[in-house]
Amino acid sequence: MKPFFKNILSPDEWLIHEKGFDASIMQERESLFTLGNGYMGSRGVLEEIPFDTAQGTYIAGVFDKSISQVSEIVNAPNPVDLRIIAEGEKIDIRGMYLHEHNRILDMKNGLLARHTVLANSRKERFDYKSLRFISSDHRQLGAMRIWITLLDAPIILTIQDNINTSVRNKGVLTEGRKKHFQVSEVRSEKSINYVCAKTQDTSILLACATHLTVSHSNREYSAPDQSFDIRLKKGETLVLTKVFYGRTSRHLSRRLLRDRTIKSVRKYSKLGFDRLLSRQKKTFSKLWQFSDIKFSGDRDAQKTLRFNIYHMLIAGNSYDNDISIGARALTGEGYRGHVFWDTEIFLLPFYIYAFPKIAKNLLIYRYNRLDAARGIAKKKKFKGALFPWESADTGEDETPQWHKDLDGTIVEISTQDYEHHIVADIAYGLWHYYIVTGDKNFMNQYGAEMLFETARFWASRVKKNKQDKRFEIHSVMGPDEFHPDVNNNAYTNGMAQWNLKVAAELCSDFIKKHPARFKVISAKIGLKPNECKQWANISDKLYIPVSKRNKVIEEFEGYFKKKDVAIRTFDKYFMPEFPPNLPLSKVGQTQLVKQLDACMLLYLLSDKFDSETLESTHAYYEKRTVHKSSLSPSINAIINLRTGNAMRAYQYFLCGLGADLKMNQSNVSEGIHVASLGGSWQAVVNGFGGMRVKDEYLSFKPQLPEYWRDLEFCLNWRGKQLNIRITHKYIRINVKALKNKRPLKVEIFDDLYTIIPGRSIVVPKKDKKC
């Protein structure tokens, strides 16, 4: 396969291989091999659309409800459908004899290549190759080319160029499979196939046009029809090139939709596949200049990390601030395309440091739904803004009522009623963006209002305990979803305390130093100076349960009184296994923790707790956390590093790193786990790279795994690009001015240094190992 594509594909360090075909994991492979650009995601299905394939074409921001419990991302008409029939037998990996099958995902260039050899019932073989991509240069564009060679005998092939409108969203519980659109127009004119569909409830028009070029016997021409025959000789190769273009009425007038879509596909077809491919490689490879992470010593981990970064690259968008990234991005229908806290806490940091414009768009998506969040808070008799636990297009809460639990039982969902920590998570994300970028315009136009409204929510959410002279938060659920409806969850209270404190300080700063800004925002939301003082007072007195005896943070009030169940067995990834004799329905009566909760607070607010609290709290929960979430292992790797357990840290890192590519999670068929992607990036940069934000500067205290020889990555910090190289002997930082030419202050191994843009600094490590 590689020789045929040798001038197209990247070196092997950038390639993910599928060798052979296994129908039992076909849908998992389709998730892994998804192509996309942040606007459109196209699952890595085989072009012939074999039986039981999970076709998926998703357009960011296109949701619909119809007969579903809640609004969900729409599985749109699929243009990656090109069927070839050989005298009554479809050339199909599941319908013919398979001799050979290989696929390659080229992560550097965003390409999917395939080579398959099949034989029909007469044992006549067909050599089938394909190459396709979703353009990173023109977001509505995709292209594919197929080469098919007859190896044994002449034959008549029937070519069928389709835009598949039979696709449906997967069935969930009692809903069954759903079709979220109706076809409103179909036409074929001058070799162009065009389909327009309309979503059932949201009435969004989905337009798609394709053009097919045929090449054989030294002839090249546009396909004469949607279905046509070609007679080929033995040894002859037929080349089919399909260009497709899709637009929606979200960004274009309905009146112009058809003409613009058809004109665009005609335009790009004339450019030709080779020129489009060249543009794709040039544009996509540039993305890696800002995002690649390199280390030597573990080739498999290096490739897997690049796989995770690849999927973050195809998930983000820099053009639309009215869409976000769902829990499975545009790779599948897991969690119905909804946006969770995963985005701000796990995924956002990657974009903040690599692509700040994308990070800003993700935050403005939340701002655009601030009124809806105010409405949710009002319905629940709170003030300020309560962001939904699951968000889609409108900003209303889209959490379904029922869900299949880890053991397969159907349970009623209550996360929307209790997991209010998402309010502080969003505030944390926007503050993180502001601190790293110094984007004052963002803070003035969007961020301050969000911070003040989230603080207002917490001020109305707390209860005053007059006896103990403190404030508390009752009836919540932290990230540990084994324990709903608890009082004083440490993570929730800690993040709320931080949210109130930062909002109060910003408000005070506005009043004292920028009265004009305060006047504008005060007029808009009715903010009074005494509110800011109230936030500070609540923050100072908000209760966080910590054991006075051993300085262990209690996950929630009464947690230590729960039954202490031992974790005795571990899986092949050294991850703890759920006790076999404990029913999942009884887990809330125990101290078992689903995922990092109190320890997550230690990570996000690391400067708030001393080393003794960090070590004792982590040691306690390390024995009780089962990590039944893809969000958990990577962050636990960082905490293990900070508490001195490098070996266990690497085990957690590998588990989180391979959540999708190694299929460490059982539901990869439903899409890629984006929180795990971002978590693995943080494990490398914040963990092994030792990067933290301290006050107004970056700090580095790396801890390389002993078998890594070096680590290289780059970061954006306030208009500068930092290129960092770490070895076991030194750390080198080169600073390039992008917008800000002022000297950079940075802490390395606890000492402060000043670096002039355009220069480098090398700081040796006194100890033998980093």
Report summary line: Exactly one of 169, 164 is closer than 21 Å to residue 80 by Cβ, among the polar types (S, T, N, Q) and touching a helix residue (DSSP H, G or I) at 6+ places or on another chain (Cβ under 9 Å), and that one is 169
Query raised in the report: If we keep just the residues of the stretch 22-52 that are surrounded by fewer than 19 Cβ atoms within 10 Å (Cβ to Cβ) and at negative phi, which is nearest to the chain's Cα centre (by Cα)?
Result: 25
Report summary line: Expected output for the stretch 532-546 (first residue on the phi < 0 side of the Ramachandran plot, partner among the hydrophobic types (A, V, I, L, M, F, W, C) and not in a helix (DSSP H, G or I), Cβ below 6 Å, 6+ apart or cross-chain) is 538/462; 538/471; 541/471; 542/471; 546/553
Report task. Could you grab me the full set of residues in the stretch 354-366 that are surrounded by 22 or more Cβ atoms within 10 Å (Cβ to Cβ) and closer than 12 Å to residue 426 by Cβ? Result -> 362, 363, 366
Query raised in the report: Yes or no: residue 503 closer than 23 Å to residue 374 by Cα, modelled with pLDDT of 95 or more and either open to solvent by less than 60 Å² (accessible area, probe 1.4 Å) or over 35 Å from the mean Cα position of the chain (by Cα) (or both)?
Result: yes
Requested in this report: Taking the residues in the stretch 180-202 that are outside any strand (DSSP E or B) and either free of Cβ contacts under 8 Å to residues at least 12 places away in the same chain or of a type in the set (D, E, K, R) (or both) as candidates, determine which candidate is nearest to residue 167 (Cα to Cα).
Outcome: 201
Query raised in the report: Could we say that residue 721 is in contact with a helix residue (DSSP H, G or I) (Cβ under 9 Å, 6 or more places away or on another chain) and either under 15 Å from residue 690 (Cβ atoms) or open to solvent by 60 Å² or more (accessible area, probe 1.4 Å) (or both) here?
Result: no
Query raised in the report: From 390, 398, 472, 453, which residue is touching a helix residue (DSSP H, G or I) at 6+ places or on another chain (Cβ under 8 Å), open to solvent by less than 40 Å² (accessible area, probe 1.4 Å) and more than 23 Å from residue 372 (Cα to Cα)?
Result: 472
Query raised in the report: Out of the stretch 627-658, which residues are hydrophobic (A, V, I, L, M, F, W, C) and crowded, with 20+ Cβ neighbours inside 10 Å?
Result: 631, 635, 637, 638, 639, 641, 649, 653, 654, 655, 657
Query raised in the report: Taking the stretch 531-549 as the search range and keeping residues that are open to solvent by 50 Å² or more (accessible area, probe 1.4 Å) and in a loop (DSSP other than H, G, I, E, B), which one is farthest from residue 495 (Cα to Cα)?
Result: 549
Query raised in the report: Can you pull out the residues in the stretch 401-449 that are of a type outside the set (D, E, K, R), part of a loop (DSSP other than H, G, I, E, B) and surrounded by fewer than 21 Cβ atoms within 10 Å (Cβ to Cβ)?
Result: 401, 406, 408, 409, 413, 414, 438
Requested in this report: Could you grab me the full set of residues in the stretch 521-530 that are within 13 Å of residue 446 (Cα to Cα) and surrounded by 13 or more Cβ atoms within 10 Å (Cβ to Cβ)?
Outcome: 521, 525
Report summary line: Flagged in the stretch 639-660 as without any contact (Cβ under 8 Å) to a residue 60 or more places away in the chain and not in a helix (DSSP H, G or I), in numbering order, are 643, 644, 645, 659
Query raised in the report: Of 64, 92, which residue is of a type outside the set (Phe, Trp, Tyr), crowded, with 23+ Cβ neighbours inside 10 Å and in contact with a strand residue (DSSP E or B) (Cβ under 8 Å, 6 or more places away or on another chain)?
Result: 64
Query raised in the report: Has the stretch 274-284 got at least one residue that is under 20 Å from residue 225 (Cα atoms) and either at pLDDT 95 or above or in a helix (DSSP H, G or I) (or both)?
Result: no
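The values are calculated or read from the model by the stated rules, or taken from the named source; none is laboratory data. Values in this document were obtained by computation on a predicted structure and should not be read as measured data. As a convention, Cβ positions derive from the backbone with ideal geometry for all residues, glycine included, and neighbour counts pool all protein chains shown. To get the accessible areas, we keep the full protein, side chains included, count just its heavy atoms, and leave off ligands, DNA and RNA. Shrake-Rupley method; radii C 1.70, N 1.55, O 1.52, S 1.80 Å.
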